[in-house]
1. So how much slack lies between Glu161 and Lys90, counting 0.36 nm per residue of separation and subtracting their Cα-Cα distance, in nm?
2. Where a Cα-Cα gap under 19 Å defines reach, which aspartates and glutamates qualify for Lys181, not counting those fewer than 8 residues away within the same chain?
3. Give me the aspartates and glutamates in straight-line cross-link reach of Lys90: C-alpha distance below 13 Å, same-chain residues under 8 apart excluded.
4. What does the convex hull of the alpha-carbon atoms of region 80-193 project to on average, in nm²?
5. Return the sequence-ordered ³J(HN,Hα) values of region 105-114 in whole Hz as given by the Karplus equation 6.51 cos²θ - 1.76 cosθ + 1.60 applied to θ = phi - 60°, using x for Gly and Pro.
6. Please sort by residue number the GluC sites (Glu not before Pro) in region 98-178 whose DSSP state is loop and whose Cβ has at most 13 other Cβ atoms within 10 Å.
7. For region 153-170, take each phi angle, set θ = phi - 60°, evaluate the Karplus expression 6.51 cos²θ - 1.76 cosθ + 1.60, and give the result in whole Hz per residue in order, putting x for glycine and proline.
8. Hey, with R₀ at 35 Å, roughly what FRET efficiency would Leu186 and Leu142 work out to, going by the Cβ-Cβ distance, to 0.05?
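Values in this text are rule-based calculations from the coordinates and carry no lab data. Since the structure is predicted, the reported quantities are computational estimates derived from the model, not experimental observations. Reconstructed Cβ throughout: ideal geometry from the backbone, glycine too, with neighbour counts over all protein chains shown.
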Amino acid sequence: MLDTSGNLQKAGEELGCHVEQLITPLTRRAIQAPGKHYCMDNGAFATFELKGFLSLLERQRSEKHLCRWVAVPDVVGSARRTIEVFHRWKNRIDFPLAFVAQDGQEDLEIPWDDFTAIFIGGSTDWKMSHHVVQIIKAAQALEKWVHVGRVNTPGRFEYFENLGVDSLDGTGLGRYTHMRKAIYDLHNQPKLL
């Protein structure tokens, strides 16, 4: 999933995989491929802006049948606060929902029945922990879409790809051809035994 002003098809060719559009209230990019699936982030990693988020939901209402998920507002780095916010928002958003898992989620119950997708957020250290591997495996066993945010390096891309996640995003991947090329090159270099 990419939030990019560049061509999504070209970005997919550079990465060597299928790419769909991620829209955010921060950039508010128009849908590049009408009639194709997309996802919507809430912008909380940078700054959650309520008016921008609500207006983006309204803008996309006529195409909500193409939306894979909308990331419900979250509190970056705090699983407990994110769960509280999720329960207040889940009935306000009439789209498929993504619950954003944050640092500490491993010690709290995940409201699995209330969402379509789990979005792995949180700090880089937590995201790369065994706790997240367990959350991903649980989501897959429950047939939930698994998305990972802020994946900008070849190593992280390959790591999460090997875990079988459904999608990922990264600001750097959306902006820079050289970052996409590095991932493509990693995928296509011969593996030594």
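1. Working: separation 71, 0.36 × 71 = 25.56 nm, distance 2.85 nm.
The span from Glu161 to Lys90 would gain 22.7 nm if fully extended.
2. Filter leaves Asp3, Glu13, Glu14, Glu20, Glu158, Glu161, Asp169.
3. Within reach: Asp74, Asp113, Asp114.
4. Working: hull surface 33.6 nm².
Result: a mean projected hull area of 8.4 nm².
5. These are the phi-based 3J(HN,Hα) values: 4, 4, 9, 10, 6, 9, x, 3, 6, 9 Hz.
6. Values: sites: Glu106, Glu109, Glu143, Glu158, Glu161; in loops: Glu109, Glu143.
The qualifying sites are Glu109, Glu143.
7. The phi angles translate into 10, x, x, 5, 4, 5, 4, 6, 4, 5, 7, x, 5, 7, 7, 8, 9, x Hz.
8. The computed FRET efficiency comes out at 0.70.
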